[in-house]
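Student: Take a look at this one; I'll ask things after.
The values are calculated or read from the model by the stated rules, or taken from the named source; none is laboratory data. These figures come from a predicted structure and were not determined experimentally. Please note: Cβ atoms are built from the backbone with ideal geometry, for glycine as well, and neighbour counts cover all protein chains shown. All accessible areas refer to the heavy atoms of the entire protein, side chains included, with ligands and DNA or RNA removed. Shrake-Rupley method; radii C 1.70, N 1.55, O 1.52, S 1.80 Å.
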Amino acid sequence: MRLSTKISIAALFVFSSLEVMAGTNNQEIKALYHTLDSLIDCQDSLISKKKAHIKAIHDGVKGIQLTSEQVLALNNRLYDEYMAFNFDSAHYYIKKNIEILQSFDDANLKASSLIRMAHILAVSGMFEKAGAMLDEIPLSRLDTEKKVEFYNQKAELFLYRSEMAQYSPYFKEYIDSTQYYRQLILQIAPKESFEYITNLASYTCERGYEDQAIRIFENYLPSIQQGDRRYSIITSTLAYFYSRKQQAELQEKYLLLSAISDLRGTILENNSFRELSSILMERGDFSKAYLYLSQASDDAQLYGSRLRSVQAAHLSPLITKAYDAERAQAQHRTNILLIIISFIALLLVGSIVYTLSLMRKRRLANEKISRMNAELSQHNDEIKMMNNQMKEANRIKDEYIGRFLELCSNLIHRGEERVKKLNRLARERKLEELYAELKSNSSINGGIRMFHQNFDTAFLNIYPNFVSEVNQLMTEGNSFDVDDDANKLTTELRVLALIRLGIQDNQKIADILRSSITTIYTYRSKLKSRARNKETFEDDIRRIATY
C-alpha cells in the first residue's frame, strides 16, 4: 500500500486517532507525531531526491576511464548510498567489488567487502549466508580497524538472530553471543568511535545498567545530525533501553525521533515504524497503528528486507483484526450519526419551510402596510393641504370681517353725516346748495377709495409677498413696480388679488371693482399675455401662499 492509500486510511479514521491522541498530554510527543505524519506525506518526494542524488554520482563518472582502485571506491560509495535504501542495488555493487578483489592479495580490502556483503545479507534475513561470508575472512591477517568491523558485524548478526528467536530457547544464546563480540570490540576499538560508543551502551544495558547506558547515548546523540543512519540507530536503541525501564513515554519519544530520522535520510531499512505501530495498538489507536505498520511493510518491500517483512507480518494480523473491528465500530457509529443527521436535516427542512412561510406572510403584510402607509401619507398630505386652506380661509375671514365691519361703520357714519348735512340745507332752504350736494359724486368716490384702501390693506396683510410672487410669474420687463406705499395695489393687481381669493367671474370682479365687464376682460387678457406660462397663469396665481 503506497502513500495515497495510507492518506485515505488516515482520513477515514482521523476522528478515532484524534480521540486517542487527545489522551496524550505530552505536547512534545504530539508535535513529533505531527512532524512524522508530515514527512510520510512527502516521502515520495524525498525518495525522488535520493534517486536523483545517486544518479548524479553515476553520471559524474560517465565517459571516464577508471582504475581498479577507483572502481572499488565508486562501488563502495554507491553501496553506502544503497545500503539502507535498496538491498538489490547494494548487493550488486558490493558483489562487483568482491569479484574485482579476487585478483588482489589485500586481506583488509577483501574483508571490508565481505563484511559489507554480510551486513546486507543479515538485514535481509539471510543469516546462514551472512555467517558463511564472515567465516571466509582470515581474522589473523586483519588490522585493528577491520577487526572492529568484523566483530561489529558478528554482534549485529547474532542480534538479528535474537530478534527472530524471541520467546524461543535460542534467544538467550544469541544475546550471549552478541555480548561476547561486543566485549571484543570494547577491547580494541577507539573509545571515541561510533562502534565503541554503541557497543558499550548496548553491552552495559544487557548487563542490567540501563541508566548508565542511557547516559552514554544521550551524551553522544547531540554530536550526530538527524537523518544520519547513526542517529536513527541510537534513538531506536534508546527507545529499547527505556522500554526495559518501562518508561513508555520516553520509549515512544525516541521511536518517533528514530522514525523521523529514517524518513529524513530516506532509510528504508528501519525498525521504528513497526515498534510504533505496536505501541499504538496497545493504546487502542488501531487506525494509526495500521497506517504505521503499512509504512513499515512498504519500506521493507521497497528495500527488499525479508527480516523486516517477516517481523511486520507477525504483527500484521493482530493490528488488521483490531483495525477491522474498529472500522466496523466506526461504521456503526457513522450509521447512527447519519440517522441523527438525517433526522436533524428533516427538522431543518421543516424549519426552513415554516420560516419561508412566515417570511412570505411577513412580506405580504409588509406590502399591505406599505400600501396603507402610502394611503395614509396621501391622506395626511390632503389633510395638511386642507388645514392650510382652512388656516388661510380663517385668516382671510378674520382679516376681512374686521375690515368689513370697520368699512360698514365708516360708510354708515359718512351716510349719517351726509343726511344731517342735507337736512340742514333743506331746513335752511338753501336749495341750490342742496341740489349741488345731491348731484355731487364725491361721497360715492370717497366710499370707493375707502373700499379700495381697506381691500388693499387686508389683502396684503394676508399675502405680504403677493406682488413679488406675481413678478416671478411675469416675463422680463413686464413685472410690477413695488409702490412706495406698501399697502396699495394697482387695478391690475386687484384683479389678480380677487382671482387669488377664488373669484373667477368677470361680472363679479367688475361689480366689486366698480368697473365695466369689458375692462375686466381686457385686464385679464393683457395679464395672461405678459405671463411666462400663459396656460397655467391664473392657476399659478391661485397657488400663491399666504406666508
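Student: Taking a probe of 1.4 Å, how large is the accessible area per residue of segment 68-120, in Å²?
Tutor: Per-residue accessible area for segment 68-120 comes out at 44 Å².
Student: Full extension from Ser468 to His58: what is 0.36 nm times the residue separation minus their Cα-Cα distance, to one decimal in nm?
Tutor: My answer for the length gained is 136.8 nm.
Student: Please list, or write none, the lysines whose alpha carbon is within less than 28 Å of the alpha carbon of Lys534, excluding same-chain residues fewer than 8 places away.
Tutor: Within reach: Lys488, Lys508, Lys526.
Student: Shifting gears a bit: State log₁₀ I(q)/I(0) for segment 37-78 at q = 0.27 Å⁻¹ as given by the Debye formula over alpha-carbon point scatterers of equal weight, solvent excluded.
Tutor: After summing over all Cα pairs, the log10 values are -0.91.
Student: Can you tell me which lysines have their Cα less than 30 Å from the Cα of Lys430? Leave out same-chain residues fewer than eight positions away.
Tutor: Counting by Cα, and skipping residues close in sequence, Lys430 has these lysines nearby: Lys420, Lys421, Lys439.
Student: Still on this structure: With a cut-off of 8 Å between alpha carbons and a minimum separation of six or more residues, what is the relative contact order of segment 228-312 in percent?
Tutor: This gives 24 percent for segment 228-312.
Student: Moving on to the next point. For segment 75-131, what % of the accessible area comes from carbon and sulfur atoms, probe 1.4 Å?
Tutor: C and S fraction of accessible area: 48 percent.
Student: Pop a pseudo-label 7 angstrom from the Cα along the beta-carbon direction at both Lys368 and Tyr170 and give the gap in nm to one decimal.
Tutor: About 9.6 nm separates the two model spin labels.
Student: With every protein chain present, what accessible area does Arg283 have (1.4 Å probe, heavy atoms only), rounded to the nearest 10 Å²?
Tutor: Its accessible surface works out to 80 Å², give or take rounding.
Student: Roughly how many percent of the accessible protein surface of segment 505-547 is carbon and sulfur, given a 1.4 Å probe and a whole-percent answer?
Tutor: Heavy-atom surface of segment 505-547 belonging to carbon and sulfur, 1.4 Å probe: 47 percent.
Student: Along the Cα→Cβ direction, 7 angstrom out, place labels at Ile340 and Asn533. What is the inter-label distance in nm?
Tutor: 7.4 nm
Student: Leaving out ligands, DNA and RNA but keeping every protein chain, what accessible area does Lys55 have, in Å² rounded to the nearest 10, with a 1.4 Å probe?
Tutor: 120 Å²
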